[in-house]
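K.L.:
The structure follows.
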Amino acid sequence: MTRMTPLLERNEQFARTYTPAALGLPTAQVVVVACLDHRVDPAIVLGLQLGDAPVIRNAGGRVTQAVIDDLAFLAFLAEQLSGGPGTADTLFEVAIVHHTQCGTGFLADPGFRQQTAAATGLPEAALEASAVTDPHTTVKADVEHLLTAPSLSPKVSVSGHVYDIATGRVTTTVDARYPQQPA
Ligand SMILES: [Zn+2]
């Protein structure tokens with residue numbers, strides 16, 4: 001017995017009627033960047049099915065260097081899967097989704113931040129930068145951050161959204177834009 005036991009039983013149910021999705025371009029042509037919070041699972045909130053969209057999740061759904069690196073790889077992969085460089089004019093849209101009541105908001109409190117830094121060894125400045133207190137503000141900042149990342153493919157657009165935990169509704173804060181387009 002592990003805590004995974006009931007989940008593995010659910011998987012057994014799942015596998016009984018499962019049909020594998022072939023490796024190909026995600027059918028929604030969207031890559032979602034979202035918080036790891038268990039209340040904001042993009043598959044459920046956005047109704048994603050297998051094969052629809054890659055999802056990158058971290059604390060806050062922030063655009064970190066690791067996220068930028070993954071997106072560079074995904075863009076290269078999408079280009080290969082669509083027939084090689086120069087075949088497709090556009091690849092996919094990156095939808096950054098931040099949410100209300102985010103647990104990273106605690107990091108805006110200096111005392112909590114100091115304790116977190118001491119317990120985890122993570123730099124306090126990095127913890128402060130990762131805090132989502134106003135998701136509308138942070139998602140806007142992360143869209144801009146990603147759009148200016150040198151490794152972002154010019155064939156990838158970026159949009160920003162906020163998920164409201166209280167209503168279950170996602171609203172668009174920043175419309176999809178390509179890197180070279182002015183704001
Ligand atoms: Zn969160």
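The values are calculated or read from the model by the stated rules, or taken from the named source; none is laboratory data. These numbers were taken from a predicted model, which means no experiment stands behind them. With ideal geometry, Cβ positions are generated from the backbone for all residues, glycine too; neighbour counts draw on all protein chains shown. Side chains are part of the model used for accessible areas, which takes the heavy atoms of the whole protein and leaves out ligands, DNA and RNA. Shrake-Rupley method; radii C 1.70, N 1.55, O 1.52, S 1.80 Å.
Residues checked against (1) touching a Gly at 6+ places or on another chain (Cβ under 9 Å); (2) of a type in the set (Val, Ile, Thr):
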{"position": "97", "(1), (2)": "yes, yes"}
{"position": "111", "(1), (2)": "no, no"}
{"position": "121", "(1), (2)": "no, no"}
{"position": "127", "(1), (2)": "no, no"}
{"position": "140", "(1), (2)": "yes, no"}
{"position": "143", "(1), (2)": "yes, yes"}
{"position": "160", "(1), (2)": "no, no"}
{"position": "179", "(1), (2)": "no, no"}
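K.L.:
So, of the residues in region 92-108 that are open to solvent by 30 Å² or more (accessible area, probe 1.4 Å) and not in a strand (DSSP E or B), which turns out to be nearest to the ligand (Cβ to nearest atom)?
P.N.:
Of region 92-108, the ones open to solvent by 30 Å² or more (accessible area, probe 1.4 Å) are 93, 100-101, 103, 106, 108.
Still in the running and not in a strand (DSSP E or B): 100-101, 103, 106, 108.
On the way: 100: 9, 101: 8, 103: 5, 106: 10, 108: 13 Å.
In this case the residue turns out to be 103.
K.L.:
Here is a further query. If I ask for residues that are surrounded by 10 or more Cβ atoms within 10 Å (Cβ to Cβ), out of contact with any Phe, Trp or Tyr (no Cβ under 9 Å at 6 or more places or on another chain) and not β-branched (Val, Ile, Thr), which ones from region 15-37 would you list? Can you show your working first?
P.N.:
Looking only at region 15-37, we keep the residues that are surrounded by 10 or more Cβ atoms within 10 Å (Cβ to Cβ), and these are 18, 21, 24-37.
From the residues that got through so far, the ones that are out of contact with any Phe, Trp or Tyr (no Cβ under 9 Å at 6 or more places or on another chain) too are 18, 21, 24, 27, 32-33, 36-37.
Once the filter is applied, which keeps residues that are surrounded by 10 or more Cβ atoms within 10 Å (Cβ to Cβ), out of contact with any Phe, Trp or Tyr (no Cβ under 9 Å at 6 or more places or on another chain) and not β-branched (Val, Ile, Thr), region 15-37 yields 18, 21, 24, 36, 37.
K.L.:
Can you tell me which residues in region 6-51 are among the basic types (Lys, Arg) and within 16 Å of the ligand (Cβ to nearest atom)?
P.N.:
So in region 6-51, the residues among the basic types (Lys, Arg) come out as 10, 16, 39.
39 - this is the single residue of region 6-51 that is among the basic types (Lys, Arg) and within 16 Å of the ligand (Cβ to nearest atom).
K.L.:
Still on this model: Based on what the data block shows, is residue 75 buried (at least 18 other Cβ atoms within 10 Å of the Cβ), among the hydrophobic types (A, V, I, L, M, F, W, C), more than 16 Å from residue 161 (Cβ to Cβ) and in contact (Cβ under 8 Å) with a residue 60 or more places away in the chain?
P.N.:
On the way: buried (at least 18 other Cβ atoms within 10 Å of the Cβ): yes; among the hydrophobic types (A, V, I, L, M, F, W, C): yes; more than 16 Å from residue 161 (Cβ to Cβ): yes; in contact (Cβ under 8 Å) with a residue 60 or more places away in the chain: yes.
When the stated conditions are applied, residue 75 passes them.
K.L.:
Related question: Only one residue in 54, 85 is more than 16 Å from the ligand (Cβ to nearest atom) and either surrounded by fewer than 18 Cβ atoms within 10 Å (Cβ to Cβ) or modelled with pLDDT under 95 (or both). Which one? Steps first, please.
P.N.:
On the way: 54 fails: either surrounded by fewer than 18 Cβ atoms within 10 Å (Cβ to Cβ) or modelled with pLDDT under 95 (or both).
Of the residues listed, the single one that is more than 16 Å from the ligand (Cβ to nearest atom) and either surrounded by fewer than 18 Cβ atoms within 10 Å (Cβ to Cβ) or modelled with pLDDT under 95 (or both) is 85.
K.L.:
Still on this structure, please answer the following. So which residues in region 129-144 are surrounded by fewer than 17 Cβ atoms within 10 Å (Cβ to Cβ) and either among the aromatic types (Phe, Trp, Tyr) or away from the ligand (no atom under 16 Å from the Cβ) (or both)?
P.N.:
Hit for region 129-144 is 144, nothing else.
K.L.:
Is there any pair linking a residue in region 44-63 that is at negative phi to one that is hydroxyl-bearing (Ser, Thr, Tyr) and in a strand (DSSP E or B), with Cβ under 8 Å and at least six apart or on different chains, and which?
P.N.:
45/163
K.L.:
A further question follows. If you take the residues in region 116-125 that are in a helix (DSSP H, G or I) and more than 16 Å from the ligand (Cβ to nearest atom), which one is least open to solvent (accessible area, probe 1.4 Å)?
P.N.:
First, pick out the residues of region 116-125 that are in a helix (DSSP H, G or I): 116-120, 124-125.
Now narrow it down to the ones that are more than 16 Å from the ligand (Cβ to nearest atom): 117-120, 124-125.
On the way: 117: 19, 118: 87, 119: 88, 120: 79, 124: 73, 125: 75 Å².
The extreme case among them is 117.
K.L.:
Testing residue 113 on (1) open to solvent by less than 30 Å² (accessible area, probe 1.4 Å); (2) basic (Lys, Arg); (3) within 24 Å of residue 21 (Cβ to Cβ), one condition comes back false. Which one is that?
P.N.:
(3)
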